[in-house]
1. With a cut-off of at most 13 other beta carbons within 10 Å, and DSSP calling the residue loop, which trypsin sites (Lys or Arg not before Pro) in region 147-229 qualify? Please list them.
2. For the chain, give me the percentage of DSSP beta bridges that are antiparallel, rounded to the nearest 5 percent.
3. Quick one: Cα centre-to-centre distance for region 225-291 and region 115-167, in angstrom?
4. More than 17 angstrom separation, counting every C-alpha pair in region 167-301; what % is that?
5. Once you list every other residue whose beta carbon is under 12 Å from the beta carbon of Gly21, what net charge do they have if Lys and Arg are +1 and Asp and Glu are -1?
6. Determine, for each peptide in 21-28, 100-107, 122-129, 140-147, the mean count of other beta carbons within 10 angstrom over its residues, then list the peptides with the highest first.
7. Show me the three semi-axes of the equivalent ellipsoid for the chain, from the C-alpha gyration tensor (sqrt of 5 times each eigenvalue), largest first, rounded to whole Å.
8. Quick check on the chain: helices-only [θ] at 222 nm, where DSSP H runs of length 4 and up contribute -39,500 (n - 2.57) each and the sum goes over total residues. Nearest 500, please.
Amino acid sequence: MTEAPSPIAGIRAMLIELLGGPDASIAHRRAQSLAFSAAQPPLPSDIRIAADLLGGVPVERVQADGSQAAGVFLHLHGGGYVMGDPAGSRSLTTALARASGWEVISVDYRLAPAHAFPAAVEDAVDAYAALLADGISARSIIVGGESAGGGLAVAALLAARDRGLDMPVGVIALSPWANLACEGESYVTRHGRDPLLTVTVLKDMAAEYMAGADARQPLASPALADLTGLPPLLIQVGSEEVLLSDAIALADRARDASVEVELQVWQDMIHVWQMFPGLLEEADRAIAAIVARLDNSFRAK
């Protein structure tokens, strides 16, 4: 009898079929991203989503029935700084809102090439500053995101720190792209194992976003930055990711700066596997681990 493929193998196959492989062009990825966002299924009956502006930046507010209004999760979507939007991350943001009871505010930051670095950082900081200006305590805010959004979450807090803004209670980076110079062992060792990304594609995205600027500067590559003064950091990354080295380097930089950090390397997982709750047990467990971090660590501070 032929053994049934594992759930993660099925997710891999689906992603490769939809994307055409990890070397798919940016143009193809953009088209697929737009199609995916446009084809979102009806919202679950327990979820409410509303468009809004925060500091002049478009956002999507996500709340679940029974929300305790305990805090705000300021979310930054992935897409290599050149694609993506809040709708494309709803599988994650709605699951977080439901599991945590927090309001999730997903930021629709400007994208390259029309808006090059540091536009995304500016939008993220403006949205965060607007929350503070609205009277929401920094101790009731988490900042986080996936992929490019994971790196952007850390970069935005570096910029917020330098502006003298109060730090949130924590930051969560899921499969973060945190070194836009694309340096690290996993860029080579995970080539062919990551179904979504290659160093070639990442360098193309970085070139569009940086538009000739130095990719190694702190607000572009927080894995190379001084993270002194940042709040506690939770990093989740899959063992099969091209970006594994970025996550490890980011954690190392946090430790160097005496920032509390937890690095979770999930075996056999691929880039942003957390986007598949209900389809992948590991996604459900990863989201539960994030919520446990909110409950047991961040909320206690």
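1. Values: sites: Arg161, Arg163, Arg190, Arg193, Lys203, Arg216; in loops: Arg163, Arg190, Arg193, Arg216.
Answer by residue number: Arg163.
2. Values: 12 of 37 bridges.
Close to 30 percent.
3. Here the two parts' Cα centres lie 18 Å apart.
4. On the way: 5440 of 9045 pairs.
Of all Cα-Cα distances in region 167-301, 60 percent exceed 17 Å.
5. Details: positive: Arg12, Arg29; negative: Glu17, Asp23, Asp194.
Combined, the nearby Lys, Arg, Asp and Glu give -1.
6. Details: 21-28: 14.2, 100-107: 24.6, 122-129: 23.1, 140-147: 26.5.
The packing order, highest mean first, is 140-147, 100-107, 122-129, 21-28.
7. Details: eigenvalues 134, 104, 76 Å².
One finds semi-axes of 26, 23, 19 Å for the chain.
8. Details: 9 runs with 109 residues, N = 301.
Helix-only estimate at 222 nm: -11500 deg cm²/dmol.
The values are calculated or read from the model by the stated rules, or taken from the named source; none is laboratory data. What you see is a predicted model, and the numbers here were worked out from it, not measured in a lab. Reconstructed Cβ throughout: ideal geometry from the backbone, glycine too, with neighbour counts over all protein chains shown. Only protein heavy atoms, including side chains, enter the accessible area calculation; ligands, DNA and RNA are left aside. Shrake-Rupley method; radii C 1.70, N 1.55, O 1.52, S 1.80 Å.
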